[in-house]
Each structure stands twice: as structure tokens, then as C-alpha cells.
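Please read the structure below before turning to the comments.
The values are calculated or read from the model by the stated rules, or taken from the named source; none is laboratory data. Just so it is clear, the model here is predicted, and its values are computed rather than measured. Reconstructed Cβ throughout: ideal geometry from the backbone, glycine too, with neighbour counts over all protein chains shown. The accessibility values were calculated without ligands, DNA or RNA, using every heavy atom of the protein model including side chains. Shrake-Rupley method; radii C 1.70, N 1.55, O 1.52, S 1.80 Å.
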Amino acid sequence: MKTAILVFPGTNRERDAADAIESVSGIKPVIVWHQETEIPDVDLIILPGGFSFGDYLRVGAIAARSPIIDALHRKADTGVTVLGICNGFQILTETGLLPGSLIRNRDLDFICRDINLRVVNNSTRFSQSYALDQIIRFPVAHHDGNYFADAETLRMVEDNDQVVFRYCDPAGEINATGNPNGSVNNIAGMTNKAGNVMGLMPHPENLIDQLLGGIDGRALFESLLGRAA
Amino acid sequence: MKARVLITLKTGVLDPQGKAVQKALGTLGFDGVDNVRQGKVIEIDLTETDETAAYAKVSNMCDKLLANTVIENYQIELLPDGT
């Protein structure tokens, strides 16, 4: 699985993403700087976490206007798999590749802890190695993870089965107790309509080795590897 | 001339910062505060002297970068030099 990782000033999770990809696929990803205008021929493009451009103006806003973004649009339009994690998800909404927006957490806190997720759709290229309704535990580390979309957009997202992960309580119930940041419909991860672009706030790339407390994130990358193979 | 852009959250978009400010106002003893919404102001100095052209330019800036129209509205105020 050939992978490119896009890096902006302030990105800080590119190493974690690269380690996860190499651990699962055995192939080192290519790092692409935001001022480039071409992305190499790859199976997967990752926008990793961090605080691109210091979160100035709005989270992800400045990164989404970088020179590399035109190339990202071209790749995404031809069906190349695109994965945005945390700040990467925020950038993808700012580019318009994913609908809605990520706003300040409901309780204004920076949340840095493990949260529970339910896999609500395992028929996507990002989630096929999970069981439907599987309860998994991922870390989150964000200040602006509160997913918002207007009623009409939300209806389309739900009708098209674009939601992949929802925040849940430890028993797996999708409710207010299990919602750390106020996201509408407990949305933690979602795809675009075509299904080749996904964004999620939690960090699967940090749970690929038992040494780090679990391997719940591994299946996400194995899902992608299964498709690329 | 100078352009002043006022960016506010659309109705229906949760504003946790506005809520926190509202609560703090209550703590300070200010009563009768029904709601607080927080936004931002961006001031831009332009070389353009024609108001219509300046307005069009700043509108385009708002649509392309300054505001995220998924969640925000913007208003543009033009301030001719010397005011």
C-alpha cells in the first residue's frame, strides 16, 4: 500500500501515522510538504493530526488553502483513498471534501483521553476489518472536535450511511453520556458520499501496538491494506 | 480604504464560548442577559479606492478564506480613508 502523508507547518502526528502504515503494510510512506503542487501516485493519502498554522482563523482553514490542496482535490476526485485524522478531519471539512464543520468542544475543554466508539458501518474501505457494532477504544486529543452540520446536510449524511464511527458509552450505547465533545448524532468519523474520503477525530494510528495499550486502531489500516492488496 | 469584516456564527450553531461569557456575566451580577454570541472582527487595509470594487474583493476573500459559510455569516463595512 503506497501512502503519501501531507505535512503542514504545525502538523505533529505524521510520525505516528507513518509508523502505523509501515507496521501494517511494511512500506514506508512518502512525506509531502504543503507547498508541493503534486502528490505522487499512491493508494492512500493521509492528512495527520496536529495544529496546522497554529489553528489560526479557524482550525484547518489556512492548511485547506495550501498549494498542495488542488492536487488533493484531483486525487480525491479520481477515487484515491484519503484519510484525515483529527486536524486532518478539520482540514478536509475546510476543503469541502467532507460536509459540515468541526467547532469548539461543547464544554470548551481540550479533551485528551481514551473514548469509546461504536463501528456503525463496516461496509466502507476504512472499516471492513471491524465487526458491525463493534465497540472500540481510541484516544482523542482535541479542542475543536464538535462536529456540526445543518439539518439538511445531516439528513443527507445519515441517508447515505456516511457515518462510520459514533461516540458511545462504555456499554456501547450511543447517548449524551458517551459524547465527549457535543458532536451532532455522536459523529466521530464519516466518509464523503463516494466513500473514498474519511475524516475522524480519534487517533487510530496510536493504537497499533500492544505496547501502547491496545491495537483497536490496527483494523482501520488493515481494512485499507485489504483493499489495496 | 479600510474594510472591516464582522464574522458571526449562524443561528442554530452552538457557541460554547458565548455560553461561557454569558455565564461569567451572570457570575459578575449582570442580570437580564438573555444570550451571548461571540464572533470575530477582521480589519483589512486596501489600496482599492472604488467602493464597489473593494466590496466585491472583500466578499470574495470572505467566501474563499475569512468565513466558513457552513457555520458563519459575514458582514462587510467599508471605511473610506480619513474616517
What does the charge add up to near A:F165, with Lys and Arg as +1, Asp and Glu as -1, over the other residues with Cβ less than 13 Å from its Cβ?
0
Quick note, the stretch A:124-229: a/c under 1.5 would make it rounded; otherwise a/b > b/c is prolate and the rest oblate (a ≥ b ≥ c, C-alpha gyration tensor); here it is oblate
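Determine the shielding of peptide B:66-76 by partner chains: average, over its residues, the number of Cβ atoms on other chains within 10 angstrom of each Cβ. Let's see the in-between values first.
Values: counts 3, 3, 10, 1, 11, 9, 3, 0, 0, 0, 0.
For peptide B:66-76, the averaged partner shielding equals 4.
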If unit charges are put on Cβ atoms (+1 for Lys and Arg, -1 for Asp and Glu) and the dipole of the stretch B:2-79 is taken about its Cα centre, the option from B:N68, B:I7, B:V33 lying farthest towards the positive end turns out to be B:V33
Exposed chymotrypsin sites (Phe, Trp or Tyr not before Pro) being those in a DSSP loop with at most 13 other Cβ atoms within 10 Å, the longest stretch of chain A free of them is A:111-229
Please say if chain A is rounded, prolate or oblate, where rounded means a/c under 1.5 for a ≥ b ≥ c the square roots of the C-alpha gyration tensor eigenvalues, and otherwise the choice is prolate for a/b larger than b/c and oblate otherwise?
rounded
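Work out, step by step, the length gained on full extension between A:L212 and A:D159: first 0.36 nm times the residue separation, then minus their alpha carbon distance; give nm to one decimal. Mind dumping the intermediate values first?
Numbers: separation 53, 0.36 × 53 = 19.08 nm, distance 3.64 nm.
15.4 nm is the gain from fully extending A:L212 to A:D159.
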Checking the table A:K75/B:K57; A:K2/A:K75; B:K40/B:K64; A:K2/A:K193; B:K2/B:K64 against a 22 Å threshold on Cα-Cα, which pairs fail?
A:K75/B:K57; A:K2/A:K193
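Probe of 1.4 angstrom, ligands and nucleic acids ignored: what's the accessible area per residue over the protein assembly as shown, in square angstrom? Please report the intermediate quantities before stating the final value.
Details: 14310 Å² over 312 residues.
Accessible area per residue, the protein assembly as shown: 46 Å².
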I want to verify a result. In a Gaussian network model of chain A, Cα cutoff 10 Å, which of these has the top mean-square fluctuation: A:T95, A:T11, A:T78?
A:T78
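Can you compute the charge dipole magnitude of the stretch B:2-79 about its Cα centre, using +1 on each Lys and Arg Cβ and -1 on each Asp and Glu Cβ, nothing else charged? Give it in debye, rounded to the nearest 20. If you can, show how the numbers build up before the last one.
Numbers: 9 positive and 11 negative charges, 68 e Å.
Result for the stretch B:2-79 is approximately 320 debye, rounded to the nearest 20.
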Could you go through the stretch B:48-56 in sequence order and give the Karplus-derived ³J(HN,Hα) for each residue, using 6.51 cos²θ - 1.76 cosθ + 1.60 with θ = phi - 60°, rounded to whole Hz, and x for Gly and Pro?
4, 10, 8, 4, 5, 5, 5, 4, 4
For the stretch A:3-228, give the magnitude of the charge dipole about the Cα centre (Cβ charges: +1 Lys/Arg, -1 Asp/Glu; no others), in debye to the nearest 20.
60
Show me you know the interface measure: the accessible area buried between A and B, both chains summed, probe 1.4 Å, in Å² to the nearest 100.
1300
Identify which of A:L211, A:L98, A:L83 has the largest mean-square fluctuation in a Gaussian network model of chain A, with springs joining Cα atoms closer than 10 Å.
A:L211
Between beta-carbons, use under 12 Å as the cut-off and find the net charge around B:V36, counting Lys and Arg +1, Asp and Glu -1.
+1
For the protein assembly as shown, build the charge dipole from Cβ charges (+1 Lys, Arg; -1 Asp, Glu) around the Cα centre, then report which of B:Y55, A:G100, A:L44 sits farthest towards its positive end.
A:L44
Roughly how far apart, in whole Å, are the Cα centres of the stretch A:131-175 and the stretch A:10-27?
24
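How high is the relative contact order of chain B, in percent, with contacts defined as C-alpha pairs under 8 Å that are six or more residues apart? Working shown, then result.
Working: 103 pairs, mean separation 43.0, N = 83.
Dividing the mean separation by the residue count of chain B yields 52 percent.
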Could you work out the relative contact order of chain A? I mean the mean sequence separation of Cα pairs under 8 Å and 6+ apart, divided by the number of residues, in percent.
20
Per-residue ³J(HN,Hα) for the stretch B:17-31, Karplus 6.51 cos²θ - 1.76 cosθ + 1.60, θ = phi - 60°, Hz, x for Gly and Pro:
5, x, 4, 5, 5, 4, 5, 5, 4, x, 4, 7, x, 6, 9
Once the other residues with Cβ under 13 Å from the Cβ of A:L212 are scored (Lys, Arg +1; Asp, Glu -1), what is the net sum?
-4
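In peptide B:12-20, how many Cβ atoms from other protein chains are near each Cβ within 10 Å, on average?
Working: counts 3, 5, 8, 2, 10, 3, 0, 3, 3.
Across B:12-20, the average partner-chain Cβ count within 10 Å equals 4.
Restrict the search to the stretch A:119-207; then list the trypsin sites (Lys or Arg not before Pro) that DSSP places in a loop and that have at most 15 other Cβ atoms within 10 Å of their Cβ.
Working: sites: A:R125, A:R137, A:R155, A:R166, A:K193; in loops: A:R125, A:K193.
Here the sparse-neighbourhood loop sites are A:K193.
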